[in-house]
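Note sheet for the following structure.
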Amino acid sequence: MCALYAFLRHTDDLADERGSAEEKGLALRGWRLDLEAALTGEKPAWPGLRALTDTVTRHAIPVKLLHEVVDGVSMDIQPSRFVTFADLADYCYHVASVVGLCCLRIWGYRSEGGKAEKLAEDCGLALQLTNILRDIGADARDGRIYLPEDDLARFGVEPAELTCAQRPNDRLHSLLAFEAERAYGYYGAVRELVPLVAPIGRPVLRYIVGVYRSLLDEIVRRDYDVLSRRISVPPWRKVAIGLLAVSGQIVARGRPVPDFAQSRAANDSAASRS
């Protein structure tokens, strides 16, 4: 998990450094070449790639997922607009869902014909939609508008209204409530996903989802006042969520999944063949 996080953090940092979009794009292209070289056995230029290569090999993480992480970060170099929710969902997949798919391989899981992977993708959508709602004002002031143009038009909201340092008007409030309800729908996937994940990974999954779900609850509780402030989850609540995640009280346990060692081996074998 540390090796995976280091890779994700370094990839994200390359896009956040100062410089033009062209310079950032060049850095990410070089990073992709470094990744490919390390995975084929060459001595890595960045030390963390050695640990990542070991993780990828031992847990049969599809290399495609790592490249999709780089694809997702590249999408944020140049601010772009999303016409439909399908366009936004594709972005969310690349910046959030692929991370969950990598984690599944590390924790161990039972696929059930691709069901677990689809549920993990939905969880990623829930988390990223929550991020988008929390940062909507700051992102808009930076020229980044993630809400689909179809949804803006449906509620009669102009993009300029997202940059106002004040409370949302009625139209924007309705739009934000609509997007929050959409996110809540995707959070439902975690109830089915948890019992498919090996026991060692369940507390981590419960905690991550619990914190983000609590963040969405806080946004709703504050009546979507996200334009002039950055809403967060209080530290004490994160501690409480952590305790509940370990005890399994955040998400229903669901039916037991037997023989994770055998299931994990089958998943890894299938991933290696792909």
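We did not get these values from a lab; they are worked out from the coordinates using the rules stated. No experiment lies behind these values; they were computed from the predicted model shown. Positions of Cβ are backbone-derived with ideal geometry, glycine not excepted, and every protein chain shown enters the neighbour counts.
Worth pointing out:
- Panel order for 97, 174, 228, 74, by other beta carbons found within 10 Å of each beta carbon, from fewest to most: 228, 174, 74, 97.
- Available extension along the chain between residue 12 and residue 78 is 22.4 nm, counting 0.36 nm per residue and deducting the alpha carbon span.
- Under the span-like rule (Cα at least 15 Å along the axis, Kyte-Doolittle mean at least -1.0), DSSP H helices of the chain: 2-16, 21-39, 48-59, 63-75, 115-134, 170-187, 202-221, 235-247, 260-273
- log10 of Debye I(q)/I(0), alpha-carbon scatterers only, for the chain at 0.10, 0.12 Å⁻¹: -0.57, -0.82
- The coefficient of translational diffusion for region 1-78, derived via Stokes-Einstein from the alpha carbon Kirkwood radius under 10 °C and 1.306 mPa s, stands at 125 µm²/s.
- For the chain, the relative contact order comes to 20 percent (Cα pairs under 8 Å, sequence separation of at least 6).
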